[in-house]
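Down below is the structure, laid out as structure tokens.
The values are calculated or read from the model by the stated rules, or taken from the named source; none is laboratory data. Because the structure is a prediction, the values reported are computed rather than measured. Using ideal geometry, Cβ is built from the backbone for each residue, glycine included, and neighbour counts are taken over all protein chains shown. SASA here: full protein model, heavy atoms, side chains in, ligands and nucleic acids out. Shrake-Rupley method; radii C 1.70, N 1.55, O 1.52, S 1.80 Å.
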Amino acid sequence: MMTRWQNRLLTLSTAAAGLTGLVLHVMKEWMEPSDPFAVINHPWQGWVLKAHLLSVPFLIFAVGLIFSNHVLERMRAGRPTGKLSGLGLLWIFGPLVLSGVLIQVLTEARWLRGLAWVHAGLGGAYLAAYVGHRARTWVAARSRTRGRRPAIRLASRRITAGGRPPRR
């Protein structure tokens, strides 16, 4: 089971990496520099790139952190809810990270251009799959708890409004 702070770390790091990647893509592909001799299209482009490069290790850490206690646990338990979208996230995540690393290492301009588009496509697919996965699991969790009494979180343990621990 994923803890609350793991969930927040994954969500925040996904949002940070996704937002900075999207802004960087817009700056590089859709903006025109005001100076014809400029090597960047926007004055903040370098800072957005640095923010993206600094947020991605947190995302990689978060995915690694939840792998054993969330991903493998769900796969072993055979739970169908979110399994397909979660596995899709994993299949996208590996090539996404690899393409991001290769962008930092390759020097051939035509390979870089193609790899940047592959990376942007994988990043967009990862964000869409992540939102879909979260929506699917959220809807499934809400449908399982319908009809139960509202839960009150206490410092020592979780109990329902009737005074009994929740059924599992």
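Is it the case that R110 is part of a helix (DSSP H, G or I) and exposed (fewer than 13 other Cβ atoms within 10 Å of the Cβ)? Against the criterion (part of a helix (DSSP H, G or I) and exposed (fewer than 13 other Cβ atoms within 10 Å of the Cβ)), R110 qualifies. Is at least one residue of segment 116-136 at pLDDT below 80, out of contact with any Lys or Arg (no Cβ under 7 Å at 6 or more places or on another chain) and farther than 21 Å from G21 by Cα? No - not one qualifying residue is present in segment 116-136. The set of residues in segment 9-41 that are exposed (fewer than 12 other Cβ atoms within 10 Å of the Cβ) and within 30 Å of L89 (Cβ to Cβ) comprises E29, W30. Of the numbered criteria (1) on the phi > 0 side of the Ramachandran plot; (2) open to solvent by 80 Å² or more (accessible area, probe 1.4 Å); (3) not polar (S, T, N, Q), the one G78 fails is (2).
Just one of (1) closer than 17 Å to A120 by Cα; (2) open to solvent by 60 Å² or more (accessible area, probe 1.4 Å) fails for W5. It is (1). Regarding L87, is this residue on the phi < 0 side of the Ramachandran plot, of a type in the set (A, V, I, L, M, F, W, C), surrounded by 13 or more Cβ atoms within 10 Å (Cβ to Cβ) and without any contact (Cβ under 8 Å) to a residue 24 or more places away in the chain? Against the criterion (on the phi < 0 side of the Ramachandran plot, of a type in the set (A, V, I, L, M, F, W, C), surrounded by 13 or more Cβ atoms within 10 Å (Cβ to Cβ) and without any contact (Cβ under 8 Å) to a residue 24 or more places away in the chain), L87 qualifies. Here I66, I103 are screened, and the one residue that is in contact (Cβ under 8 Å) with a residue 60 or more places away in the chain and surrounded by 12 or more Cβ atoms within 10 Å (Cβ to Cβ) is I66.
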